[in-house]
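Below is one structure, written out as structure tokens, with a few remarks after it.
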Amino acid sequence: MSLRALFDVPAPAKLNLFLHVVGRRADGYHLLQSVFVLVDWTDTLHFELRDDGALARHDLGPALPAQDLCLRAATALQSASGTGLGADISILKRVPWGAGLGGGSSDAASTLLALNRLWQLRWPRARLAELGLALGADVPFFLGGHNAFVEGIGEKLTPLALPAARYAVVKPPTAIATQDIFMHPELVRNTEAAILAGSLDEAGRTGAPAAWATGFGKNDLQPVAEGRCPEVAQAARWLQARYGNSRMTGSGSAVFARVGTAGPPVANFPEDELPPGWVGRMCRSLAEHPLLGWAG
């Protein structure tokens, strides 16, 4: 019996533990180094097979743009594979957009993985990643399945074995356009590149330097983001006062603080202390992507 639907497909967010801009290619793309960690703030997607080839998205929460990344991913996979099948895609959006949490890229990756299975294409992970990179620089990470040291424009991934941790994450109401940050003339583009060292374990993951998980480096995009959006600086001060550390993730506007290991939280997130319009939650890191086994 053929598969007709996939329900409750997760799409987790990520945090950049640091983000360095180490150069720029001749074509204008920036060269980055970062450590990405998956967290349990997730969107949920449902996929139902259509035999007529149509692709349709249904918003179960906030309304998304007409051509969001998950629909673009579905269209790209359908075109590249030549399948005559389609799908109804329903999405419950929980991860804020314009946050640097990778929510749209994660939705796209989960869409590629789910439709690869629903349409019985049997594409390997590497082939999906090539398609994903054309959709967005963060998509290959979510397809990779592991926390990772990320280089290049987002396509070079070294899986990492990171210690479990909890993070307080806050998102001011302002969304920041990634392109605006990278095009800013004051962006630092020459941070010294870090060197990855460590032996691979049986799963092919390298041991990450402990400092990377506890405060190494910086986010080169943060000063520019704070200049464009003072609420980013406000969020950083808010977290610093409560947890003793803070850093923006991605191009913002979300900011996070490491608050301990991944045991039971000592307290709930203090949502009643947030300014109006802000959202926040306590997140736990994930050892691997929940859809890790969905592609070879």
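Pairs linking a residue in segment 162-177 that is touching a residue at least 12 places away in the same chain (Cβ under 8 Å) and closer than 25 Å to F216 by Cβ to a residue that is buried (at least 20 other Cβ atoms within 10 Å of the Cβ) and β-branched (V, I, T), with Cβ atoms under 6 Å and 6 or more positions apart or on different chains, are L162/V37; R166/V259; A168/V259; V170/V255.
Take D40 and decide whether it is of a type outside the set (V, I, T) and surrounded by 12 or more Cβ atoms within 10 Å (Cβ to Cβ). Spelling it out, D40 is indeed of a type outside the set (V, I, T) and surrounded by 12 or more Cβ atoms within 10 Å (Cβ to Cβ). Does E226 fit the bill of being acidic (D, E), outside any loop (DSSP other than H, G, I, E, B) and under 21 Å from R25 (Cα atoms)? When the stated conditions are applied, E226 does not pass them.
Checking the stated criteria, F256 turns out not to satisfy the condition of being aromatic (F, W, Y), under 21 Å from the mean Cα position of the chain (by Cα), surrounded by 13 or more Cβ atoms within 10 Å (Cβ to Cβ) and part of a loop (DSSP other than H, G, I, E, B). Considering the conditions (1) assigned to a strand (DSSP E or B); (2) more than 21 Å from A13 (Cβ to Cβ); (3) polar (S, T, N, Q), N190 is excluded by exactly one of them, (1).
Output the residues belonging to segment 259-286 that are surrounded by 13 or more Cβ atoms within 10 Å (Cβ to Cβ), at pLDDT 90 or above and not in a strand (DSSP E or B). Hits for segment 259-286 are L274, W278, L286.
When H30 is tested against (1) surrounded by 15 or more Cβ atoms within 10 Å (Cβ to Cβ); (2) modelled with pLDDT of 95 or more, only condition (2) is not met. Of a type outside the set (F, W, Y), crowded, with 17+ Cβ neighbours inside 10 Å and either in a strand (DSSP E or B) or on the phi > 0 side of the Ramachandran plot (or both), is that true of T158? Yes. Before we move on, is G296 closer than 22 Å to P140 by Cβ and either modelled with pLDDT under 95 or surrounded by fewer than 19 Cβ atoms within 10 Å (Cβ to Cβ) (or both)? Taking the combined requirement at face value, the residue satisfies it. Of all residues in segment 26-74, exactly one satisfies the criterion of being small (G, A, S) and touching a Lys or Arg at 6+ places or on another chain (Cβ under 6 Å), namely G61.
One residue stands out among those in segment 97-143 that are surrounded by fewer than 24 Cβ atoms within 10 Å (Cβ to Cβ), under 14 Å from the mean Cα position of the chain (by Cα) and among the small types (G, A, S): the one that is farthest from G207 (Cα to Cα), which is G98. Among the residues of segment 81-105, those identified as outside any loop (DSSP other than H, G, I, E, B) and either β-branched (V, I, T) or touching an Asp or Glu at 6+ places or on another chain (Cβ under 7 Å) (or both) are G86, A87, D88, I89, I91, L92, G103, G104, S105.
The values are calculated or read from the model by the stated rules, or taken from the named source; none is laboratory data. In this text, all values refer to a predicted model and were calculated from it rather than measured experimentally. When we count neighbours, we look across all protein chains shown, and the Cβ atoms used for this are built from the backbone with ideal geometry, even at glycine.
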